[in-house]
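The values are calculated or read from the model by the stated rules, or taken from the named source; none is laboratory data. Quick caveat, the model's predicted, so the values are computed rather than measured. Positions of Cβ are backbone-derived with ideal geometry, glycine not excepted, and every protein chain shown enters the neighbour counts. For accessibility, only protein heavy atoms count, side chains too; no ligands or nucleic acids. Shrake-Rupley method; radii C 1.70, N 1.55, O 1.52, S 1.80 Å.
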Amino acid sequence: MEAAARYDQRARYDALMDVVRTRMTTRQFDPSYVVPRAHYELILEAARHAPSGANAQPWHFVVVTEAATKKTIADYFVEEARNRAKLHMKFPTPNYRGLETAPGFIVIASDFRWTRAFPVLNDGSALDRQYQENAERILLQSVAAATMSAHLAAAALGYNVWWVTAIGQENAQNAMKPLLGIPDELAVIDIFCFGPPAKPPYKRWKKTLPEIMSWDRFNAANYMTTAQIEDWVREKRHQVMYRDETKVD
Ligand SMILES: Cc1cc2nc3c(=O)[nH]c(=O)nc-3n(C[C@H](O)[C@H](O)[C@H](O)COP(=O)(O)O)c2cc1C
């Protein structure tokens, strides 16, 4: 293929973008649907090919098919949402009951010992602390890359998805790991639910391209002050997480 044609495969790009655009979060699924086992493999095959720091591939995917396990995890989240409400965190917490009947349910775990594979000194020095922090970012970006590949594969199959991270706290980890036989050294990073939606999903607000893109130098027009960010969190966040169905691109 000529270079000009090789790097201008619009039909392929458009097919990918169709999946990218129609990947939409839902938090309530059709409880009667059963995900074929082969679909889990198709979805995790996409995760398997994800890039990762040092090609360490520091991820594990536990497919949860047992209703009782899903219920126990959902109960935990509902309880955690109650605790947050008591703490007045003001985060618009969704209804995590939807986890209980999510047809597709995958718990994603990682092993922070893999930070050793990234540039670190491992001598406990102040300088090492900085490298360690970046190593944790590398690890989390790697897991996110694999998670995103899996989400896109599920979207390509036609499913809606739900990326759940509200689980980092130590007590949540301690509650979930034994339930799933996940060794102590590992950490649960997120839960990936998917399936047909209970009601029609909607496209959420996305920033425009000029709002996120600069050429050569950071576009100062896109800089937000702390006060502006705090305003956004107060005035906009709840709308864009749950309600704004009007702006589609
Ligand atoms: C890193 C990450 C963490 C998220 N954590 C949660 C979560 O804990 N609970 C939840 O209901 N949604 C969570 N979401 C889903 C977002 O709320 C959702 O992606 C966002 O509102 C945009 O909607 P869209 O996915 O339909 O484009 C998370 C998404 C990402 C990428």
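For I189, what residues show an amide H to amide H distance below 5 Å, using hydrogens built from the backbone and excluding near sequence neighbours?
Result for I189 returns I108, A109, S110.
Assuming 0.36 nm per residue, please report the length gained on full extension of the stretch Y223 to R48 beyond their Cα-Cα distance.
59.4 nm
For a bin width of 5 Å, list the pair-distance distribution of segment 203-249 built from all Cα-Cα distances, rounded to whole %.
5, 19, 20, 23, 20, 10, 2, 0
Taking all protein chains together and a probe of 1.4 Å, list H151, H49, H60, H238 from the most accessible to the least accessible.
H49, H60, H238, H151
Taking a 1.4 Å probe, which of T93, T208, T26 shows the most accessible area, and what order do the others take after it?
T208, T93, T26
Anything over 25 Å Cα to Cα? Flag those among K90/K236; K177/K206; K71/K207; K177/K236; K203/K236, in the order listed.
Result: K177/K206; K71/K207; K177/K236 exceed 25 Å.
Quick one: dipole size for the chain, taken about the Cα centre, charges +1 on Lys/Arg Cβ and -1 on Asp/Glu Cβ, in debye to the nearest 20.
In debye, rounded to 20, the chain gives about 680.
Which of the listed residues, A4, A56, M24, is farthest toward the dipole's positive end in segment 1-74, when Lys, Arg count +1 and Asp, Glu count -1 at the beta-carbon?
M24
Please give, to one decimal in nm, the separation of the simple spin-label points placed at Y13 and I212, each 7 Å out from Cα toward the Cβ.
1.7
May I ask you to give the solvent-accessible area per residue for segment 24-201, in square angstrom, as obtained with a 1.4 angstrom probe?
51
Between S125 and T165, how high is the FRET efficiency from 1/(1 + (r/R0)^6) when r is the Cβ-Cβ distance and R₀ = 45 Å? Nearest 0.05.
0.90
Would you tell me the accessible area of D8, worked out with a 1.4 angstrom probe on the heavy atoms of the protein chains, in Å² to the nearest 10?
Rounded to the nearest 10, the figure is 100 Å².
Using DSSP to define loop residues, name the chymotrypsin sites (Phe, Trp or Tyr not before Pro) in segment 141-235 whose beta-carbon has at most 13 other beta-carbon atoms within 10 Å.
W215, F218, Y223
So, with +1 on the Cβ of K and R and -1 on the Cβ of D and E, and no other charges, what is the size of the charge dipole of segment 83-186 about its Cα centre, to the nearest 20 debye?
420
Quick one: length gained pulling M24 to Q239 fully straight, 0.36 nm per residue minus the C-alpha distance?
75.8 nm
Express in nm, to one decimal, how much length is gained between A5 and A198 on full extension, taking 0.36 nm for each residue of separation and deducting their alpha carbon distance.
Value of the extension gain: 65.3 nm.
Is there a quick way to get the dipole size of segment 30-76? I mean about its Cα centre, with the Cβ of Lys and Arg at +1 and of Asp and Glu at -1; what is the value in debye to the nearest 20?
Computed about the Cα centre, the dipole is about 60 debye.
Quick one: what are the phi-derived ³J(HN,Hα) couplings along segment 146-152, Karplus 6.51/-1.76/1.60 with θ = phi - 60°, whole Hz, x for glycine and proline?
Here the 3J(HN,Hα) series is 5, 4, 5, 4, 5, 4, 5 Hz.
What value, in deg cm²/dmol to 500, does the helix sum -39500 (n - 2.57) over DSSP H runs of n ≥ 4 give at 222 nm once divided by the residues of the chain?
Taken over the chain, the calculation gives -13500 deg cm²/dmol.
What does the accessible area of D123 come to, in Å² to the nearest 10, when a probe of 1.4 Å is used?
Around 100 Å² of this residue is reachable by solvent.
So, taking all protein chains as they sit and a 1.4 Å probe, how much accessible area belongs to R234, in Å² rounded to tens?
About 140 Å², rounded to the nearest 10.
To the nearest whole percent, what portion of all C-alpha pairs in the chain is separated by more than 24 angstrom?
58
Can you pull a Stokes-Einstein diffusion coefficient for segment 48-125 at 37 °C (0.692 mPa s), Rh from Kirkwood over Cα pairs, as a whole number of µm²/s?
It comes out at roughly 209 µm²/s.
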